[in-house]
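So the structure is just underneath, and the comments pick up after that.
Nothing in this text is a laboratory measurement; each read-out follows from the coordinates by a stated rule. Quick caveat, the model's predicted, so the values are computed rather than measured. Cβ placement follows ideal geometry from the backbone for every residue including glycine, while neighbour counts extend to all protein chains displayed.
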Amino acid sequence: MNFNSHTDAVVVIAVGLVNALTAGEARGRPYEPPADGARAEVVAEILDAGRGGGVAIGEAEAGELAETARALRGVFEAVSRGDVDTAARTVNRLLAETDARPHLDRHDGEPWHLHFHGAGGTLAGNYAAGCATGLAVVLGSDLHDRLGVCTAPHCDRVYVDTSRNGTRRFCSTACQNRVKTAAFRARGA
Ligand SMILES: [Zn+2]
């Protein structure tokens with residue numbers, strides 16, 4: 001995408017949090033998010049986003065992020081039904097609630113880069129602010145329609161479409177293949 005890499009990273013984290021922490025359906029099956037006591041491990045993996053660093057987060061903060069995830073889901077759902085106004089209002093509310101503020105930081109030998117901190121300086125608060133800001137950057141850009149909800153049957157997981165032509169419709173190749181197989185069977189019948 002055209003955003004800076006940190007914005008991309010928080011958008012990917014927003015997708016990960018929504019998909020792991022909100023109930024619904026995933027790839028053809030009912031989905032229940034991890035219960036109290038089992039959330040922190042799942043959340044730590046998402047926040048780490050492949051950096052291999054191991055983010056230390058407690059159950060209480062993971063629980064806060066589950067609430068954030070439910071609010072973030074509303075943004076994806078609104079965009080996917082073409083209601084960008086509602087998506088924008090939801091993001092504005094989240095930016096206010098999380099007290100998101102930009103902050104230049106330099107650590108671990110990286111160049112100066114933009115972080116999005118929230119009120120209170122907690123990890124959950126910072127990530128909530130970061131996710132809200134990431135979605136705000138997407139909604140405020142030409143790529144505002146790139147947030148989506150999977151269109152496969154019995155799946156409501158979300159995605160961000162980073163393809164060049166913006167034609168993504170599924171959360172995963174698993175769902176893409178399910179739909180392809182069903183269409184193939186329907187033609188054969
Ligand atoms: Zn799906």
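Figures for the structure shown
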{"read-out": "Distance in nm between pseudo-label sites at H144 and T162 (7 Å out along the Cβ direction from Cα)", "value": "2.3 nm"}
{"read-out": "Spin-label model distance (nm) - R70 vs A56, 7 Å beyond Cα toward Cβ", "value": "3.0 nm"}
{"read-out": "Pair T181, D99: separation of 7 Å Cα→Cβ label points (nm)", "value": "5.0 nm"}
{"read-out": "Signed unit charges on C-beta, dipole axis of region 106-189, positive-most listed residue H117, H144, G188", "value": "G188"}
{"read-out": "Length released on extending from R169 to R81, taking residue separation times 0.36 nm less the Cα-Cα span", "value": "30.4 nm"}
{"read-out": "Whole-number Å³ per residue for the convex hull built on Cα positions in the chain", "value": "127 Å³"}
{"read-out": "Peptides ranked, highest mean first, by Cβ atoms within 10 Å: ranges 181-188, 42-49, 126-133", "value": "126-133, 42-49, 181-188"}
{"read-out": "0 to 90° range, to nearest 10: angle between helix 5-21 axis and the chain longest Cα axis", "value": "60 degrees"}
{"read-out": "Extension gain from D108 to A49, taking 0.36 nm per residue of separation minus the Cα-Cα distance", "value": "19.6 nm"}
